[in-house]
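Take a look at the structure set out below.
Values quoted throughout were computed directly from the atomic coordinates according to the rules given, and no laboratory measurement underlies them. These figures come from a predicted structure and were not determined experimentally. Ideal geometry is used to build each Cβ from the backbone, glycine not excepted, and the neighbour counts take in all protein chains shown.
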Amino acid sequence: MYHIKAATVNDIPVIQELTEKIWRPTYQSILTPEQIEYMLDMMYSTASLNKQITELGHQFFILLDDNAPIGFAAYGTTDTAGIFKLHKIYLDGSYQGKGVGKFLLQQVADQVKDRGAHTLELDVNRFNKAKYFYEKQGFSVLKEKKTDIGNGYIMDDYVMRKPL
């Protein structure tokens with residue numbers, strides 16, 4: 001039985017374990033090993049996750065299959081009222097293609113709607129096959145965006161939106 005639980009700083013080790021299991025396989029064909037290491041440290045170090053949760057107000061939650069963590073998501077507000085941003089959504093590869101990702105995304109949509117959102121926005125790497133999953137879930141490309149993340153690395157993304 002799938003269910004979600006809100007994550008706190010105490011859950012950072014679980015988020016990091018899931019990241020280690022999911023992130024590398026997701027991006028190994030898209031990014032160099034050096035960029036993967038840089039981005040993992042930048043976004044998933046204990047200090048970075050702590051800041052996201054405590055200072056930036058990102059709401060993290062963990063998806064569980066019974067009591068086993070199998071994925072996570074995080075969202076937050078944007079500068080535009082009614083538009084929330086899905087910062088992260090990752091699911092163990094063995095659960096992909098079975099409707100579980102759709103369930104996880106719906107949990108995010110329900111939570112942000114309860115907080116007054118009319119639109120959910122996300123960034124996805126232009127070469128990430130997840131783009132097709134998002135399109136099936138009602139997202140469409142708003143624009144392309146290149147972000148300099150330092151160390152000579154650029155994130156080459158689509159910004160996608162879904163009306164709620």
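By DSSP, what percent of the beta bridges with both residues in the chain are antiparallel, rounded to the nearest 5? Don't skip to the answer; put the middle values down first.
Details: 35 of 39 bridges.
Bridges in the chain are about 90 percent antiparallel.
Which residue, THR46, THR80, THR119, has the most motion in a Gaussian network model of the chain that connects Cα atoms within less than 10 Å?
Ranking THR46, THR80, THR119 by mean-square fluctuation puts THR80 first.
When the chain is treated as a GNM, springs tying every alpha-carbon pair under 10 Å, which of ILE149, ILE83, ILE12 comes out with the largest mean-square fluctuation?
Highest fluctuation of the listed residues: ILE149.
Show which aspartates and glutamates lie in cross-link reach of LYS145 when reach means a straight Cα distance below 15 angstrom and same-chain residues fewer than eight apart are skipped.
Answer for LYS145, where 15 Å is the Cα cut-off: GLU121, ASP123, ASP156, ASP157, listed by chain and number.
Taking every pair of alpha-carbon atoms in the stretch 51-106, what share in percent sits in each 10 Å bin, from 0 to the bin with the longest distance?
In whole percents, the pair-distance histogram is 22, 47, 25, 6.
Report the charge-dipole magnitude of the stretch 64-164 in Debye, nearest 20, computed about the Cα centre from +1 at each Lys and Arg Cβ and -1 at each Asp and Glu Cβ. Intermediate values should be presented prior to the final figure.
Details: 15 positive and 13 negative charges, 64 e Å.
Rounded to the nearest 20 debye, it is 300 debye.
Could you calculate the contour length gain from ASP110 to ALA68, that is, 0.36 nm times the residue separation minus the distance between their Cα atoms, to one decimal place in nm?
Values: separation 42, 0.36 × 42 = 15.12 nm, distance 2.26 nm.
Result for the pair: 12.9 nm of gain on full extension.
Give the cross-link partners of LYS146 among the lysines, using a straight C-alpha distance below 29 Å as the criterion and excluding same-chain residues fewer than 8 apart.
LYS21, LYS51, LYS85, LYS88, LYS102, LYS113, LYS129, LYS131, LYS136, LYS162
Quick one: if the Förster radius is 25 Å, what FRET efficiency do THR54 and ILE154 give, using the C-beta to C-beta distance and rounding to 0.05?
Working: r = 28 Å, r/R0 = 1.14.
After rounding to 0.05, the efficiency reads 0.30.
Out of SER140, SER29, SER45, any idea which swings most in a Gaussian network model of the chain, alpha carbons joined below 10 Å?
Of the options given, SER29 has the highest mean-square fluctuation.
Looking at the square roots a ≥ b ≥ c of the eigenvalues of the Cα gyration tensor of the stretch 86-136, which shape do they give, rounded for a/c under 1.5, prolate if a/b is larger than b/c, or oblate?
On the way: a/c = 2.30, a/b = 1.39, b/c = 1.65.
Oblate, since a/c reaches 1.5 and b/c is not below a/b.
Testing the spin-label approximation: label points 7 Å from Cα along Cα→Cβ at GLU37 and LYS102. State their distance in nm.
Taking the two extended label points, one gets 4.0 nm.
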